[in-house]
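Everything below concerns the one structure shown next.
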Amino acid sequence: MSDKYAFLFSIKMLQHEISELSDYIKESDYCFRLLTDKLDDLSKFVMDEKNDTEWRLWGEDPDIRKYSEILRGTSAKAISTLEKYQSACTANQEMDASEYLLSLSESVKKELDSYGITACSNVVFIGSGAFPLSALTIAKETGAQITCLDIDVEAVEMGKNIAVITGLESAVSFTQHPVSQVPVLRDATHVIIASLVQEKAEILEELKSLIPVGAKVIIRYGNGLKSIFNYPFDFTLSAEWDQEKVEQKNLFYDTLVLKRGMTGVNGKGLDYI
């Protein structure tokens, strides 16, 4: 591609197809697979180097911005629809949740190595969704205690069912309470913020007074072209946080690992990594 309108057309077509398939999934089981494939296409789109070049050329254009944001909103709703469909089918024994856990194990294991999550960890996962595979996989692979938080009450109930089906209900609990009302955060060793959580900066500000010194916050986000499929994150951080950016070229999102330090008497952040 070398033309703004060719790039814009690609974005608008992805948005249209994902939107249509999200509606059709309620009428046709086959559309579940089609929607899954189309979201896979979107993840490949945001990882394509040629598309990244186009974004660098046209990313600030008002039309590109407008329809990229529409596509992000559409894909976020589609993922929610897809997760609820998967969750309902698994509960009805139409899908095998263990197959999904197995498929995610290797990719999540690679992330776990850098996060330091172990059987002694106490993890809070913000934005876990109706089919919380990442959270369940972390519990399965490490033995850590996980608390899943989601503002969607239906997603929370569905997540509880999947935890029971996978035999992980003793390790994974769920809540729909806002961050400020989750007492377990006081003892958290790790907090993971999902890529489709929009208010990342606001949540991070709340966490400063809620989590203990030394706790890690893992933020999944997407800036630039990846913002089409993820909510972005502004890197303006206060001195309370030590940070390590983890750019993942083979994933449709990037990761920022923060560690809550202390502010010294001169206002300088102390390094606890």
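The values are calculated or read from the model by the stated rules, or taken from the named source; none is laboratory data. None of these values were measured; they are calculated from a predicted model. Every residue, glycine among them, receives a Cβ derived from its backbone with ideal geometry; neighbour counts consider all protein chains shown. Ligands, DNA and RNA are stripped out before the accessible areas are found, and what is left, the full protein with its side chains, is counted by its heavy atoms. Shrake-Rupley method; radii C 1.70, N 1.55, O 1.52, S 1.80 Å.
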- Can you tell me which residues in the stretch 5-25 are at pLDDT below 95 and open to solvent by less than 20 Å² (accessible area, probe 1.4 Å)? S22, I25
- Message: Among the residues that make up the stretch 195-209, is at least one of them small (G, A, S), buried (at least 21 other Cβ atoms within 10 Å of the Cβ) and either farther than 23 Å from E54 by Cβ or in contact (Cβ under 8 Å) with a residue 40 or more places away in the chain (or both)?
- Response: yes
- Task: Answer yes if at least one residue in the stretch 112-122 is more than 22 Å from the chain's Cα centre (by Cα) and modelled with pLDDT under 85, and no otherwise.
- Result: no
- Can you work out which of the residues in the stretch 26-38 that are touching a residue at least 40 places away in the same chain (Cβ under 8 Å) and either touching a Lys or Arg at 6+ places or on another chain (Cβ under 9 Å) or open to solvent by less than 30 Å² (accessible area, probe 1.4 Å) (or both) is nearest to I70 (Cα to Cα)? L35
- Message: So if I check each of L8, L21, which one is touching a Lys or Arg at 6+ places or on another chain (Cβ under 7 Å) and at negative phi?
- Response: L21
- Of the candidates E244, E157, E169, the one satisfying the condition of being over 28 Å from A78 (Cα atoms) and open to solvent by 30 Å² or more (accessible area, probe 1.4 Å) is E244
- Task: Please find, within the stretch 56-80, the residue that is farthest from D152 (Cα to Cα) out of those that are surrounded by fewer than 19 Cβ atoms within 10 Å (Cβ to Cβ) and of a type in the set (K, R).
- Result: R56
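Yes/no per residue for (1) in a strand (DSSP E or B); (2) over 26 Å from V46 (Cβ atoms); (3) small (G, A, S):
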| site | (1), (2), (3) |
| --- | --- |
| L168 | no, yes, no |
| H177 | no, yes, no |
| S180 | no, yes, yes |
| R186 | no, yes, no |
| I192 | yes, no, no |
| V197 | no, no, no |
| E202 | no, no, no |
| E205 | no, yes, no |
| V213 | no, yes, no |
- Query: What are the residues in the stretch 144-154 that are among the acidic types (D, E) and either assigned to a loop (DSSP other than H, G, I, E, B) or surrounded by 15 or more Cβ atoms within 10 Å (Cβ to Cβ) (or both), if any?
  - Reply: D150, D152
